[in-house]
Amino acid sequence: MVVTFNVTDGEQGDWAVLRVSGELDLMTSPVLRQRVHDVVADGRHSLVLDLSEVWFCDSSGVGVLIATRRLLRSCQGSLRLILPAQGAADGSHVNRVLGALGVRRLFDVHPDVPSAVGGDSRPLSA
């Protein structure tokens with residue numbers, strides 16, 4: 001079975017941008033977790049995760065998002081998620097999963113990268 005999953009690095013001003021595509025599940029979530037740790041180890045604490053091309057996310061994927069939030073908060077960083085209302089099929093699958101689990105409110109959500117990197121970066125609060 002071929003798993004279609006990709007994470008690409010980018011930067012927009014002071015923000016590190018990780019564009020994630022494919023399935024974020026038990027097999028692929030460790031890859032994203034490692035990429036996030038690499039970004040933080042490089043001293044970059046303002047991170048945008050572009051999840052607009054993720055068409056499946058299970059509980060292990062959600063776990064990585066929550067762990068990423070916790071990690072960045074511990075170093076006074078900022079995390080912003082890209083979860084468009086329209087996109088991979090009929091809207092963001094990740095958006096629906098986070099909403100169903102009641103954790104979407106924990107994240108600073110934007111419709112696209114330009115809106116996420118604009119404005120001021122504020123540290124994550126509890």
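One residue stands out in segment 8-28 among those that are of a type in the set (A, V, I, L, M, F, W, C) and open to solvent by 10 Å² or more (accessible area, probe 1.4 Å): the one that is nearest to the chain's Cα centre (by Cα), namely Trp15.
Would segment 50-59 turn up any residue that is among the hydroxyl-bearing types (Ser, Thr, Tyr), assigned to a helix (DSSP H, G or I) and in contact with a helix residue (DSSP H, G or I) (Cβ under 6 Å, 6 or more places away or on another chain)?
Within segment 50-59, none of the residues are among the hydroxyl-bearing types (Ser, Thr, Tyr), assigned to a helix (DSSP H, G or I) and in contact with a helix residue (DSSP H, G or I) (Cβ under 6 Å, 6 or more places away or on another chain).
When the criteria are applied in full, Asp108 fails the requirement of being at pLDDT 90 or above and closer than 23 Å to Phe5 by Cα. Filtering Ala67, Ala85, Ala100 for residues that are within 12 Å of the chain's Cα centre (by Cα), surrounded by fewer than 17 Cβ atoms within 10 Å (Cβ to Cβ) and not in a strand (DSSP E or B) leaves a single hit, Ala67.
Taken together, the residues in segment 1-49 that are within 19 Å of Pro111 (Cβ to Cβ) and in a loop (DSSP other than H, G, I, E, B) amount to 1.
Among the residues making up segment 1-33, those that are closer than 19 Å to Asp58 by Cα and out of contact with any Ser or Thr (no Cβ under 9 Å at 6 or more places or on another chain) are Met1, Val2, Val31. Checked against (1) out of contact with any Cys (no Cβ under 6 Å at 6 or more places or on another chain); (2) modelled with pLDDT of 95 or more; (3) open to solvent by 10 Å² or more (accessible area, probe 1.4 Å), Pro123 meets all criteria but (2).
Taking the listed residues Val62, Val36, the one that is over 19 Å from Thr4 (Cβ atoms), surrounded by fewer than 21 Cβ atoms within 10 Å (Cβ to Cβ) and hydrophobic (A, V, I, L, M, F, W, C) is Val62, with no other qualifying.
The values are calculated or read from the model by the stated rules, or taken from the named source; none is laboratory data. All values reported here derive from a predicted model rather than from experimental measurement. Cβ coordinates were reconstructed from backbone atoms using ideal geometry, including for glycine residues, and neighbour counts include every protein chain displayed. To get the accessible areas, we keep the full protein, side chains included, count just its heavy atoms, and leave off ligands, DNA and RNA. Shrake-Rupley method; radii C 1.70, N 1.55, O 1.52, S 1.80 Å.
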